[in-house]
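Novice: A single structure is presented below for examination.
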Amino acid sequence: MLPSFSLKDHTILLTGAAGLFGRGLTASLAEAGATLIIASRNADKLQVVADEETARGHKVFAEGFDQGDEASIIALKARLEERFGPLHGLVNNSVLRPMKGAQGTVEQWEDSMRVNATGLMLMHRHFGSAMAEVGRGSIVNIGSIQGMIGPSYELYAGTNMGDMPPDYFFHKGGMLNLTRFYAALYGPKNVRVNCLSPGGFFNNQPELFVQRFSEHTMLGRMADENDLGGALIFLLSNASVYITGVNLPVDGGYTAK
């Protein structure tokens, strides 16, 4: 079974590769042997990441695109197919977070939906249909436990972390059923669509918040940059060929408690 977990000979597109989760996912996928394309609006920043991984002997390439612009998505797909051929995997990790709290503006909400809802749908439409044409592929959406449960305001009391924005809860919740929709649509063409929902990621938050969050988590800690990669490799690889339409929480037991 072990060779089925390898991503050797898999060409995979990872969006949002320089962000909170993205840097760790880039390292994990590259180490698993993938030919990895990392893409976001900031191509220069991604090129630094690609150069670091290339220096380690991995095959990582940087591309710029805007998930909020359909023409940019279509152009990225054309460039990748011309250079690499049909993709084996897509990881939808890009996210725009313009709202900073419950009183964010309508314009911020609309900007969020353009990228995180409409843009996400278009990534499934254009890249998923291309996978369906060749009869194979795996799409993994990076969700959040905040798409599964409501906000826990008590974790933030007495900290300076600010308010929680409603757009993130909305589009991460919608991602779960969009995953099921495209799993059903593309399943007959042997294209799998699944979702990973990470828990809280340690990012030097106030000590009080980290303590409270860890106490509510069965494994007693927040996630680090290595915790999501194994599950992602599994869902992209041939080890999971009979799994589709699934949401897998990677949260240390937070949502199970």
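Novice: Within segment 13-41, which residues have the backbone N less than 14 Å from the label spot 7 Å out from VAL48 along Cα→beta-carbon, could you tell me?
Specialist: Counting only backbone N, you get 17-20, 23.
Novice: Around PHE201, which amide H atoms from residues at least 5 apart in sequence, or from another chain, sit under 5 Å from its own amide H, with H modelled in the peptide plane?
Specialist: Under 5 Å from the amide H of PHE201: ALA223.
Novice: Can you list residues whose amide H is under 5 Å from LEU90's amide H, if they're 5+ apart or on another chain and H is modeled 1.01 Å from N?
Specialist: Under 5 Å from the amide H of LEU90 lie the amide H atoms of LEU13, SER138, ILE139, VAL140, each far enough along the sequence or on another chain.
Novice: Looking at GLY22, ASN160, GLY33, which one has the Cα that reaches farthest to the positive end of the dipole of the chain (charges on Cβ: Lys, Arg +1; Asp, Glu -1)?
Specialist: GLY33
Novice: Residue-wise, which Karplus ³J(HN,Hα) couplings in Hz belong to segment 210-220, taking 6.51 cos²θ - 1.76 cosθ + 1.60, θ = phi - 60°, and x for glycine or proline?
Specialist: Per residue, the Karplus-derived 3J(HN,Hα) values read 4, 4, 4, 4, 5, 5, 8, 9, 4, 7, x Hz.
Novice: Which whole-number value in Å² is the accessible area per residue of segment 91-131, probe 1.4 Å?
Specialist: Accessible area per residue, segment 91-131: 44 Å².
Novice: Another question about this same structure. About the Cα centre, and with charges only on the beta carbon of Lys, Arg (+1) and Asp, Glu (-1), how big is the dipole of segment 119-257? Nearest 20 debye, please.
Specialist: 640
Novice: Taking the alpha-carbon centroid of each part, what is the distance from segment 117-189 to segment 192-257 in angstrom?
Specialist: Value for the Cα centre distance between the two parts: 14 Å.
Novice: If the only charges are +1 at each Lys and Arg Cβ and -1 at each Asp and Glu Cβ, what is the size of the charge dipole of segment 45-138 around the Cα centre, to the nearest 20 debye?
Specialist: The calculated dipole for segment 45-138 is roughly 260 debye.
Novice: Accessible area per residue for segment 1-44 in Å², computed with a 1.4 Å probe and the full protein assembly in place, what is it?
Specialist: About 42 Å² of surface per residue is accessible.
Novice: If I compute solvent accessible area with a 1.4 Å probe over the protein chains, what percent of it on the chain is carbon and sulfur? Write down the numbers at each step before the final one.
Specialist: On the way: 6560 of 12070 Å².
Summing carbon and sulfur atoms, their accessible area is 54 percent of the total for the chain.
Novice: May I pose another question? State the extension gain, in nm to one decimal, for the chain segment bounded by MET1 and LYS100, taking 0.36 nm per residue of separation less the distance between their alpha-carbons. Don't skip to the end; give the middle numbers.
Specialist: Details: separation 99, 0.36 × 99 = 35.64 nm, distance 4.52 nm.
Full extension of this stretch gives 31.1 nm more.
Novice: Using mean Cβ contacts within 10 Å as the protection proxy, how do 3-13, 172-182 order, highest first?
Specialist: 172-182, 3-13
Novice: A follow-up question, please. Between 0 and 90 degrees, rounded to the nearest ten: what's the tilt of helix 43-55 against the longest Cα principal axis of the chain?
Specialist: It is inclined by approximately 70 degrees.
Novice: Scan around GLY252 for amide H atoms under 5 Å from its own, H built in the peptide plane at 1.01 Å from N, and keep only partners 5 or more places away or cross-chain.
Specialist: It is none; the list stays empty.
Novice: Binned at 5 Å from 0, what are the whole-percent values of the Cα-Cα distance distribution for segment 1-133, short to long?
Specialist: 2, 10, 20, 22, 20, 13, 7, 4, 2, 0, 0
Novice: Taking 0.36 nm per residue of sequence separation and subtracting the Cα-Cα distance, how much length would be gained by fully extending the chain between ILE149 and MET161, in nm to one decimal?
Specialist: Taking 0.36 nm per residue and subtracting the Cα distance, the gain is 2.4 nm.
Novice: With a bin width of 5 angstrom, please list the P(r) values of segment 77-227 as percents of all Cα-Cα pairs, from the 0 bin to the one holding the largest distance.
Specialist: Taking all Cα pairs of segment 77-227, the binned fractions are 2, 9, 16, 17, 17, 14, 11, 7, 5, 2, 0 percent.
Novice: Could you give the size of the charge dipole of the chain about its Cα centre, using +1 on the Cβ of each K and R and -1 on the Cβ of each D and E, expressed in debye and rounded to the nearest 20?
Specialist: With Lys and Arg at +1 and Asp and Glu at -1, about 620 debye.
Novice: What number, in percent, do you get for the relative contact order of the chain if the mean sequence gap of Cα pairs under 8 Å and at least 6 apart is divided by its residue count?
Specialist: 20
Novice: Right, here's the next one. Residue farthest toward the positive end of the dipole of segment 1-155, with Cβ of Lys/Arg at +1 and Asp/Glu at -1: which of ASN42, MET1, ALA75?
Specialist: Of the candidates, MET1 comes out farthest on the positive side.
Novice: Structure shown: which of LYS59/LYS100; LYS45/LYS77; LYS8/LYS257; LYS100/LYS257; LYS8/LYS100; LYS77/LYS257 lie over 30 Å apart, alpha-carbon to alpha-carbon?
Specialist: Where the Cα-Cα span goes over 30 Å, the pairs concerned are LYS59/LYS100; LYS8/LYS257; LYS8/LYS100; LYS77/LYS257.
Novice: So, one more: Across the chain, what fraction of all alpha-carbon pairs, as a whole percent, falls in each successive 5 Å bin from zero upward?
Specialist: 1, 6, 13, 17, 20, 18, 13, 8, 4, 1, 0
Novice: If you wrap a convex hull around the Cα atoms of segment 53-119, how much volume per residue is inside, in Å³?
Specialist: Considering the Cα atoms of segment 53-119, their hull volume per residue is 119 Å³.
Novice: Also: Calculate, for segment 158-257, the solvent-accessible area per residue in square angstrom, rolling a 1.4 angstrom probe over the heavy atoms of the protein chains.
Specialist: Here the per-residue accessible area is 50 Å².
Novice: Separation between the LYS189 and ALA71 pseudo-spin-labels, each 7 Å from Cα along Cα→Cβ, expressed in nm?
Specialist: It is 2.5 nm.
Novice: A follow-up question, please. If one takes the longest principal axis of the Cα atoms in the chain, at what angle in degrees, from 0 to 90 and to the nearest 10, does the Cα axis of helix 70-84 lie?
Specialist: The answer is roughly 50 degrees.
Novice: Over all directions, the average projected area of the alpha-carbon convex hull for segment 81-154 comes to how many nm²?
Specialist: 6.6
Novice: For segment 91-104, what does the Karplus curve 6.51 cos²θ - 1.76 cosθ + 1.60, with θ = phi - 60°, yield as ³J(HN,Hα) per residue in whole Hz, taken in order and with x for Gly and Pro?
Specialist: So the Karplus estimates, Gly and Pro as x, are 10, 8, 10, 5, 8, 10, 10, x, 7, 10, x, 4, 9, x Hz.
Novice: Starting at the first residue of segment 177-186, write each ³J(HN,Hα) from the Karplus equation 6.51 cos²θ - 1.76 cosθ + 1.60 with θ = phi - 60°, in whole Hz, x for Gly and Pro.
Specialist: These are the phi-based 3J(HN,Hα) values: 7, 5, 4, 5, 4, 6, 4, 6, 5, 9 Hz.
The values are calculated or read from the model by the stated rules, or taken from the named source; none is laboratory data. None of these values were measured; they are calculated from a predicted model. Counting neighbours? That spans all protein chains shown, and the Cβs are built from the backbone with ideal geometry, glycine included. Surface areas here come from the heavy atoms of the whole protein model, side chains and all, with no ligands, DNA or RNA. Shrake-Rupley method; radii C 1.70, N 1.55, O 1.52, S 1.80 Å.
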